[in-house]
Structure formats: C-alpha cells, structure tokens
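Undergrad: Below is one structure. I have some questions about it.
The values are calculated or read from the model by the stated rules, or taken from the named source; none is laboratory data. These numbers come from a predicted model, not from an experiment. Backbone-built Cβ (ideal geometry, glycine too); neighbour counts: all protein chains shown. SASA here: full protein model, heavy atoms, side chains in, ligands and nucleic acids out. Shrake-Rupley method; radii C 1.70, N 1.55, O 1.52, S 1.80 Å.
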Amino acid sequence: MTTKTELSPKARESKNAQDMQVDEVLIPRKVPSLCSARYGIALVLHLCNFTTIAQNVVMNITMVAMVNSTSLQSQFNGSSEGLPVDSFGDLSKAPKSLSAKAPVYDWSPQIQGIIFGAVGYGGILTMAPSGYLAGRVGTKRVVGISLFVTSFLTLCIPLAADFGIVFLIVTRIVQGLSQCSVIGGQFAIWEKWGPPHERSRLCSIALSGMLLGCFSAILIGGFISEILGWPFVFYIFGGVGCVSCLLWFIVIYDDPISYPWISTSEKEYIISSLKQQVRSSQQPLPIKAVLRSLPIWSICLGCFSHQWLVSTMMVYIPTYISSVYHVNIRDNGLLSALPFIVAWVMGIVGGYLADFLLTKNFRLITVRKIATILGNLPASALIVSLPYLNSGYITATALLTLSCALSTFCQSGIYINILDIAPRHSSFLMGASRGFSSMAPVIVPTVSGFLLSQDPEFGWRNVFFLLFAINLSGLIFYLIFGEADVQDWAKERKLTRL
C-alpha cells in the first residue's frame, strides 16, 4: 500500500507531462495554431458572425439614402422617387443610376429609431432559448437554420419597405429573432471544442467577425447605395449569407469526436483538457441559485452596459458623421467603417494577450477584469468628449476609431466569463446573459431618437452622456461582484442511488 501511495503522485506527474507534450506537438512554435481543427471552427464562426452582423448593420448606412431628410413633414410611410439632398451634398452631383430606381421615404427620427430597434426585439426572446437548444440538439442545427432565415429575410427588406412601414418593422423583428439565435446558439460549441487556456483567443477570433461585418457593411454599403441603389445592399449581403449557410452545414460539427478532418492527437488533447468540464445531462440547471448569484448578475449588467456603448456606435456613427460634418454618403461609408476594421484587429490581439497573461500566472479574474475595464471606460470617455471638439471630422473619426478598438477587449473579459464560473451550464447562461444585454439594442435607438428629436442643439451631447453613465454603472457593478472561480451550484454533484 505504501508503494502504491508513493507512485500515485509520480503517475500524475507523468500524465501531466504527457498532456503538455501533446499540447506542444499540437501547437508547435513554428507552425501557427490556425492549422488545427478547433481554429478552423473559430474561423467558420468568424464568417458566420461576419454575415449575421453585416445583415444587421446595413440598415444603418442605407438609412442615409432611404430617408428624404429635406422633408419637414413626417409621414407614417410615404415614398417619393428622388434623392435626399444632403446625402450627396447636391442633387446635381448625385449619380443618375440611383435617382432613377431607388425609392426614398419620409420617415421621422422616431420612426427611424423604431426601425433600427426592431431587429433587437427578438434578442430578448431568443438568446437564452437558442443557447439551451444548441446545448441539447447541437450548435450546427440551431445556428445553421437561423443563419438561413436571416439571410432570406435580408433579401426581402426592400420589398417589405415598399409594402409599408408595418411590414418592414415586422420583417426586422423576425430577422432579429434569427440573428440573435445565431449569436446565442454559437457559444455551446466551445463546451466541447475550446480548451480552457485557449478560450480567450478562440472566442475572440469567432466574435471579431462581427466587427469585420460592421466594417464591410458600412464601407461597401455606402458605395453600393451610391452606384446601384440601396436595395442592392440587401440583395448582395443576403446572397452572401445564403452561401455562408451552405458552408456552415458542410464544415461544422458539434464535437471533435464526430469531426472527420481532425488529427488523433488534437482530438485526444481537446477531450483530455475538457474532461473535468464536460456537462452532465443528468444535472438540471439550479434556477434559484442562478437567480441569487451576484457574479451572474454582474455579467448580465456589465454586458448590457457594454452593449449600450456598442449599439450607439453601430447605429449612430453614420448618422453622426453625416449630420454633424455634412459629408456625402461615400465619405460617410469610409469614415464610419474605419473604426470597425481597427477594432477587428484589436479584438483578435486582445484574445491572444489575455491568454498570454494567463501563462504568466495572472489570476483569471484579474485578466477578465482588466480586459473589461479597457473595453469600457476609455471607450465611453472618448465618445462623450466628441461634442466638445471644435475640430474637423478627421479628429472625430480618430477618436471613434480608438474608442471602437478599445471596446473589443471585452470579448476576452466579461463576455466569456460564464465559461469560467459555470462551464457545465454555459450554453444556456451565455445565451441568457446575451439576451439580457440585447435589451440595449432595442432601447438605444428609441431613446436616442427621442433625445435627438427633442433637443436638436444638445441632442448628441445628451445621447453620449447617457451612454457614459450607463457604461460606468455596469462596469462598477462587475468589478465589485465579478468572479472567475467555478460556482458551487455549477460544480458536479454526485447522484446518490437507492
């Protein structure tokens, strides 16, 4: 017995050494990890998020071309053939191809706010159920079907706008249901594909597709709106979504065991690294404990406050640059898209930086909170300073770019924190937290549209001050109550059998 006790630690050391050797073989120093199957999954999710958010954002840039801002009378749904004067600066300089076929509507700022916010209504209803379904029936089915639905509805947006404002809003609501199902359902895949010490970079690679989608939609949308007309923006991005959906069903598998193109060493490495975190189907979610958990509430409120920042930037950057600096639609697309391409790079870098700090013996909660601070406080402070600048649009664009880039650090902080504290129930809880935060995209356009219409002189200042206050409040709550240790209610409980 004594010999057995003495050999046990050595056996464990030998096993740990073997695991480290597997890791070193899997991720050699000279060969990037992007060659592995799990990073291929992250890249496909990157494309999926790119498509989904691009379809969400195109309305924000096409609205400049869809609305006749010269009309002083707001009608519930009127259409006139022609061009908004301030979209191009002068009607004589507007391209003839657009004025001939693209309809223009007389929508008030309040109506525009409802149209912007309609796509977010579904997030409140579908984020948590989509996460739950993905955990039960698989991410491949939930995300794939949702991606097809949102792509098809994107193709139908111009037709819905011609039918009337009610049809457009309903289409946007259903589109929001499917888009939020894509976002809420994708996190379940990392329960079986993401080794704990690589989750920051894997999630950052996947989520940064949203930023590239914003960049592409805003940039290309401006050019397409000017050259072909705003309806073709929806046709093109809807078609791209259908192609992405086909690729998704071919490439994605829910776990490494069933993946046909994975190496044996990588499969064994992923399974062994997740052995202690595999979710047990026999253990139901302890609802009461979750509702009483302050770390869970800190994540929900922190995500909500950060989504308020992100939603304001996504929805109102094109409108702000157009209305304050009076640039035409092509320049508006270039200037509005610039912050998102820089943020795309910073988001990926932030994920690698977070995992690097973990290798340097930083506490997990310290890394999560540092990333969350960098993604909230400087970004919102830069935004709130914009109305006080008397300089030109170049300085404003530089501040917007820096703010958007810094905000992406939250991808390696608060957004994946649930994978740390409740890995067994992460698919549902991450969907629930994102569903709670998705109230922000619904509220932001409505509240901001009201503030801008009530106070034309100080409207932008009020919008940005409200953003800063909400963002700071959520950050403080998370810094106080946020944790990174597995919660007691999320640990495995041994079932007693009679």
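Undergrad: Out of residues 5 or more away from Gly194 or on other chains, whose amide H comes under 5 Å of its own, with H placed 1.01 Å from N in the peptide plane?
TA: Those lying under 5 Å, H to H, from Gly194: there are none.
Undergrad: How many nm is it between the label spots at Cys242 and Gln454, if each spot is 7 Å from the Cα in line with the beta carbon?
TA: Distance between label points: 4.5 nm.
Undergrad: A further question on this structure: On full extension of the chain, what length is gained from Arg141 through Ala469, given 0.36 nm per residue of separation minus the C-alpha to C-alpha distance?
TA: Between Arg141 and Ala469, full extension yields 114.1 nm more.
Undergrad: Moving to a separate point now. Compare the peptides 181-188, 217-224, 233-240 by average per-residue count of other Cβ atoms within 10 angstrom and give them in order, highest first.
TA: Result, highest mean Cβ count within 10 Å first: 181-188, 217-224, 233-240.
Undergrad: On to the next question. Which entries in the list Lys140/Lys267; Lys192/Lys491; Lys267/Lys491; Lys288/Lys369 go over 22 Å, if you measure between the two C-alpha atoms of each?
TA: In this structure, Lys267/Lys491; Lys288/Lys369 exceed 22 Å between Cα atoms.
Undergrad: Using amide H atoms built in the peptide plane, which far-off residues or other-chain residues are under 5 Å from Val67 H to H?
TA: Tyr105
Undergrad: Probe radius 1.4 Å, ligands and nucleic acids ignored: give me the carbon and sulfur share of the accessible area of the stretch 210-249 as a rounded percent.
TA: Here carbon and sulfur together make up 89 percent of the probe-accessible area.
Undergrad: Test of understanding: what is the full-extension gain from Val166 to Ala484, defined as 0.36 nm times their sequence separation minus their Cα-Cα distance?
TA: Gain in length upon complete extension: 110.0 nm.
Undergrad: Rolling a 1.4 angstrom probe over the protein heavy atoms, how many square angstrom per residue are accessible across the stretch 384-498?
TA: Solvent-accessible surface per residue comes out at 44 Å².
Undergrad: Quick one: order Trp190, Trp460 from most to least accessible surface, probe 1.4 Å. Working shown, then result.
TA: Values: Trp190 5, Trp460 35 Å².
Per-residue accessible area, sorted high to low, gives Trp460, Trp190.
Undergrad: Moving on to the next point. Between Val345 and Lys288, what is 0.36 nm times their sequence separation minus the Cα-Cα distance? Round to one decimal in nm.
TA: Numbers: separation 57, 0.36 × 57 = 20.52 nm, distance 4.00 nm.
The Val345-Lys288 span can extend by a further 16.5 nm.
Undergrad: Same structure again: Measure off 7 Å from each Cα along the Cα-to-Cβ vector at Thr395 and Thr366, then give the distance between these two points in nanometres to one decimal.
TA: Those two pseudo-labels are separated by 3.9 nm.
Undergrad: Further question: Taking the Cβ of Gly120 as the center, what net charge do the other residues with Cβ under 15 Å away carry, scoring Lys and Arg +1 and Asp and Glu -1?
TA: Local net charge: +2.
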